[in-house]
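The values are calculated or read from the model by the stated rules, or taken from the named source; none is laboratory data. Given the structure is predicted, the values throughout are model-derived calculations rather than measurements. When we count neighbours, we look across all protein chains shown, and the Cβ atoms used for this are built from the backbone with ideal geometry, even at glycine.
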Amino acid sequence: MSGIRVRTRTAVTVLALAAVTVPAATAHAGARWSAADLTGVGHAALTGVTRVDGDTTWAYGVKVRQEGKVQPRTPLLLARDDDESSWREIPMPAFADRSNQLSAIDAVSQQDAWAVGLYEESRGAFLTQHWDGTEWRVVDAPAPEGIRLAGAGLLDVSARTADDVWAVGWLIVVDSEVPNPDKPGGTIQETHAEAMLQHWDGEAWHLVPVPDATSLWTYSVTALADDDVWVSGYTMDDRPAMLHYDGSSWSRVPVPYDGVNGELTDLEARGPNDVWAAGRKLVDDEDPGHALLAHWDGRSWKQVPTPADAGRVNDLTLAPAGVAVAGEQPDGTPYVMRLRHGRWSQPSVPPGGADGSRYLTSVAWTPRGLTAVGYEEGATGLPSPSLLTGGR
C-alpha cells in the first residue's frame, strides 16, 4: 500500500539539536497501546492519520474487496473526537477505477480539508476531494497537456489556508510506443518520470513548473507561508532532494546524509526555523534502508542522529519536545520511535494478524499519545485495518 502522509498542527516545544544522544533506542515493553475495534469496517488498509484541529483525529486509507480476480478499492475515512471512545466513518465519493486510493489528507480546519490521490484516466485529471464540514466534493486537478501518461498520482498535500494549498506528485510520461513483436496486439513503451506540483488558489488547481522536473521524484510538501514552501523527495540517481519556494522561485537546498543513496519521504514544520524531514538512507548497495532524519534551523539542514539499528522511516510527526516516527526494520518488523529532549525511546509495537504481521504506515501525536495506523495481512490475502493509540 502507498500514500504515507500525515499533517499535525500541534504547538510543541522546539528541540535543541545539540542535545541529541544516540544509544540504541530504549524499548518499553510495557508501553500501553490500545487497539481500536474496526471489525465493522471490513477489509481495509489505513495509509495515513492526521490531526484535523485541536479536537479531532482522522485516519484514512482504502477499503478492499475481492471480486473474481480483481480487488476493487473505495476510499475510507475514520474520525474520532478527543472526547469519544470509538471511531466513526465519514462517507467519501468513490469511482469505478483505481483512483479511489487516497495518498494524503490535510486540513485547514474541520470545515476545510483536502484529500489527494491517483490520476484518473477516464476524467483526464487527478483525484482531489474537498471537505466543507458537511460532505466531500470531487475537484479535478489538471493533468499536463500535450503528453500521454502511463501513470501518475498526487502523493501529498499541505493545506495552509483556504486559498493556499499545495500538492506534489509524479508523472510517468510516454515518450514512444511501438508494436511488441513477441506479443500480438501488445506494445512496447519508452517512458520517463517527472516531478509534479499543483497549487490551489481558492478557485482552481493549477500546475506549477518544477525546476529540472525530470531529475526529481517529489514525495512530500509543507507550506508555512506564501513565500516559504518546502518539497522533499529524491533525485533520479537516488539521492535525497529538497526544494524551497521563496515566493518567486524554487531552489534546490542541500541536505546532508551519511549514505550512498537515500530519499526524503515526509516533511513536518512548526515554523520557518523548525522544519523536519524523514526517510531512509542506504549505507551500501545491499542495504534495504536505515532511518534518515534531518532538521532545518533557519540557516541550513543538518542530519539528526538516529539509532544505528533503526530501519527506514515511513512517517514523521511532531510531538511534545521533539518528534516521533513510524517505520520498518529491514526484516519488515514495524517500529515507532520518539525523540524527546534529545533522547530516543521506542515503545514496543504489539504483533498483529494471524501470523503476527503488522505494517505501520503513519503516525500522529494526539492528547492520548501517539496514534499509529496501518494494516495486517489476512489469510485471504485481503488486509485488515490496524489502529493503535497510546504509545508514548
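Quick one: in the stretch 51-69, which of the residues that are of a type in the set (A, V, I, L, M) and under 22 Å from TRP365 (Cβ atoms) is surrounded by the fewest Cβ atoms within 10 Å (Cβ to Cβ)?
My answer is VAL52.
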Filter the stretch 141-160 down to the residues that are under 20 Å from ALA223 (Cα atoms) and among the acidic types (Asp, Glu) and list them by number. ASP156
In this structure, is TRP114 more than 22 Å from ALA36 (Cβ to Cβ) and at pLDDT 95 or above? yes
Residue in the stretch 300-340 that is modelled with the lowest pLDDT, counting only those that are of a type in the set (D, E, K, R) and crowded, with 19+ Cβ neighbours inside 10 Å: GLU328
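Listed here are the residues, each with its yes/no results for (1) farther than 29 Å from SER215 by Cα; (2) modelled with pLDDT under 95.
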{"position": "TRP131", "(1), (2)": "yes, no"}
{"position": "PRO142", "(1), (2)": "no, yes"}
{"position": "ALA152", "(1), (2)": "no, yes"}
{"position": "LEU155", "(1), (2)": "no, no"}
{"position": "THR161", "(1), (2)": "yes, no"}
{"position": "PRO181", "(1), (2)": "yes, yes"}
{"position": "THR187", "(1), (2)": "no, yes"}
{"position": "MET196", "(1), (2)": "no, no"}
When the stretch 232-289 is checked residue by residue, the ones that are of a type in the set (Ser, Thr, Tyr) and touching a strand residue (DSSP E or B) at 6+ places or on another chain (Cβ under 6 Å) are SER232, TYR234, THR235, TYR245, SER251, TYR257, THR265
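Please indicate, with yes or no, whether at least one residue in the stretch 347-357 is modelled with pLDDT under 95, among the small types (Gly, Ala, Ser), assigned to a strand (DSSP E or B) and on the phi > 0 side of the Ramachandran plot. Let's see the steps before the verdict.
Restricting attention to the stretch 347-357, the residues satisfying the condition of being modelled with pLDDT under 95 are 347-357.
Keeping just the survivors that are among the small types (Gly, Ala, Ser) gives 348, 352-354, 356-357.
So of that shortlist, the ones also assigned to a strand (DSSP E or B) come out as none.
Within the stretch 347-357, none of the residues are modelled with pLDDT under 95, among the small types (Gly, Ala, Ser), assigned to a strand (DSSP E or B) and on the phi > 0 side of the Ramachandran plot.
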Over the stretch 132-150, the set of residues surrounded by 15 or more Cβ atoms within 10 Å (Cβ to Cβ) and under 21 Å from the mean Cα position of the chain (by Cα) is TRP136, VAL138, VAL139, ALA141
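So that you can scan it fast, the table gives a plain yes or no per residue for (1) assigned to a loop (DSSP other than H, G, I, E, B); (2) under 29 Å from ARG80 (Cβ atoms); (3) among the polar types (S, T, N, Q):
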residue	(1), (2), (3)
ALA107	no, yes, no
LEU127	no, yes, no
GLY146	yes, no, no
TRP170	no, no, no
VAL173	no, no, no
Within the stretch 367-388, how many residues turn out to be crowded, with 21+ Cβ neighbours inside 10 Å and either within 16 Å of ASP82 (Cα to Cα) or free of Cβ contacts under 8 Å to residues at least 40 places away in the same chain (or both)? 5
One residue from ASP164, ASP182 being among the charged types (D, E, K, R), exposed (fewer than 15 other Cβ atoms within 10 Å of the Cβ) and more than 24 Å from ARG123 (Cβ to Cβ): ASP182
If I filter the stretch 78-102 down to residues being modelled with pLDDT of 90 or more and in contact with an Asp or Glu (Cβ under 7 Å, 6 or more places away or on another chain), which single residue comes out as farthest from ASP140 (Cα to Cα)? ASP82
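Go through the stretch 200-218 and give me each residue that's closer than 24 Å to ASP315 by Cβ and part of a strand (DSSP E or B). Reasoning before the result, please.
Applying the first criterion (closer than 24 Å to ASP315 by Cβ) to the stretch 200-218 yields 200, 210, 216-218.
Answer for the stretch 200-218, where residues must be closer than 24 Å to ASP315 by Cβ and part of a strand (DSSP E or B): TRP200, LEU216, TRP217, THR218.
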For a quick check of your reading: which strands (runs of 3 or more DSSP E) sit entirely within the stretch 219-299 and have at least 2 residues that are crowded, with 21+ Cβ neighbours inside 10 Å, without any contact (Cβ under 8 Å) to a residue 40 or more places away in the chain and among the hydroxyl-bearing types (Ser, Thr, Tyr)? none
So how many residues does the stretch 321-332 have that are over 13 Å from ARG392 (Cβ atoms) and either in contact (Cβ under 8 Å) with a residue 12 or more places away in the chain or part of a strand (DSSP E or B) (or both)? 8
Which is surrounded by 14 or more Cβ atoms within 10 Å (Cβ to Cβ), in contact (Cβ under 8 Å) with a residue 12 or more places away in the chain and within 19 Å of ALA150 (Cα to Cα), of GLY124, GLY117? GLY117
Look through the stretch 70-88, keep the residues that are part of a strand (DSSP E or B) and not aliphatic (A, V, I, L, M), and return whichever of them is surrounded by the most Cβ atoms within 10 Å (Cβ to Cβ). PRO75
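Give LEU207, LEU171 a once-over and let me know the one that is aliphatic (A, V, I, L, M) and surrounded by fewer than 16 Cβ atoms within 10 Å (Cβ to Cβ).
Among LEU207, LEU171, only LEU207 is aliphatic (A, V, I, L, M) and surrounded by fewer than 16 Cβ atoms within 10 Å (Cβ to Cβ).
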